[in-house]
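Trainee: The structure that follows is given in the form of structure tokens.
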Amino acid sequence: MKQATVTLAIETHGRGLVEITAAAGDFVRGSGITEGLLTVFCRHTSASLLIQENADPDVRHDLDAFFARLSPDGVPGWRHNNEGPDDMSAHIRSALTQTSIAIPLLAGQLAMGSWQGLFLWEHRTRPHRREVVLHLIGE
């Protein structure tokens, strides 16, 4: 059994989804592992990971709009607002999504559907540098 690990540094432009499918695929191809499991882990509490449609950008827009209604910025009474009105809403959005995703590897490829993409979801309104750890195990 082989293992490979890398940490991706992802620059965000503020709230929204940043596709990282290609970077994950490049890592997998370079590893020499053809069958196994890729674990993707986000090292932050105000950003998360998502597998979602990557063909129509309206999907990403509508997801952001839905979460804006579900967890709006600046809700009166929230105590955690040290970094601004989007602070607690970003933590809630992250808690409702996921910080870790497992993707099977088949024949040297991520076993994702035709329209699926892997995304880092930035929940803060200002740009950030995020780290995503990729760990691959297999043969």
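The values are calculated or read from the model by the stated rules, or taken from the named source; none is laboratory data. Remember, it's a predicted structure, so these values are computed and weren't measured experimentally. Neighbour counts are summed over all protein chains in view; Cβ atoms, including those assigned to glycine, are modelled from backbone coordinates with ideal geometry.
Trainee: Can you run down the residue pairs with Cβ atoms below 6 Å, 6 or more apart or on separate chains, where the first is in the stretch 54-76 and under 17 Å from Asp87 (Cβ atoms) and among the charged types (D, E, K, R) and the partner is at pLDDT 95 or above and assigned to a helix (DSSP H, G or I)?
Mentor: Correct list of pairs: Asp73/Ser89.
Trainee: Could you grab me the full set of residues in the stretch 104-127 that are more than 26 Å from Lys2 (Cα to Cα) and surrounded by fewer than 19 Cβ atoms within 10 Å (Cβ to Cβ)?
Mentor: Of everything in the stretch 104-127, those that are more than 26 Å from Lys2 (Cα to Cα) and surrounded by fewer than 19 Cβ atoms within 10 Å (Cβ to Cβ) turn out to be Ser114, Trp115, Gln116, Thr125, Arg126, Pro127.
Trainee: Within the stretch 22-75, can you find the residues that are touching a strand residue (DSSP E or B) at 6+ places or on another chain (Cβ under 7 Å), within 21 Å of Pro127 (Cα to Cα) and not hydrophobic (A, V, I, L, M, F, W, C)?
Mentor: Passing the criteria: Arg43, His44, Ser48, Arg60, Asp64.
Trainee: So how many residues does the stretch 82-139 have that are under 16 Å from Leu50 (Cβ atoms) and without any contact (Cβ under 8 Å) to a residue 12 or more places away in the chain?
Mentor: Looking only at that region, the number is 2.
Trainee: Quickly run through the stretch 9-47 and pick out the residues that are among the hydrophobic types (A, V, I, L, M, F, W, C) and closer than 30 Å to Pro72 by Cβ.
Mentor: Listed by number, the residues that qualify are Ala9, Ile10, Leu17, Val18, Ile20, Val40, Phe41, Cys42, Ala47.
Trainee: Given the structure, is Ile103 out of contact with any Pro (no Cβ under 6 Å at 6 or more places or on another chain) and either of a type in the set (Lys, Arg) or under 20 Å from Ala9 (Cα atoms) (or both)?
Mentor: yes
Trainee: Does the stretch 65-84 include one or more residues that are under 18 Å from the mean Cα position of the chain (by Cα) and of a type in the set (D, E, K, R)?
Mentor: no
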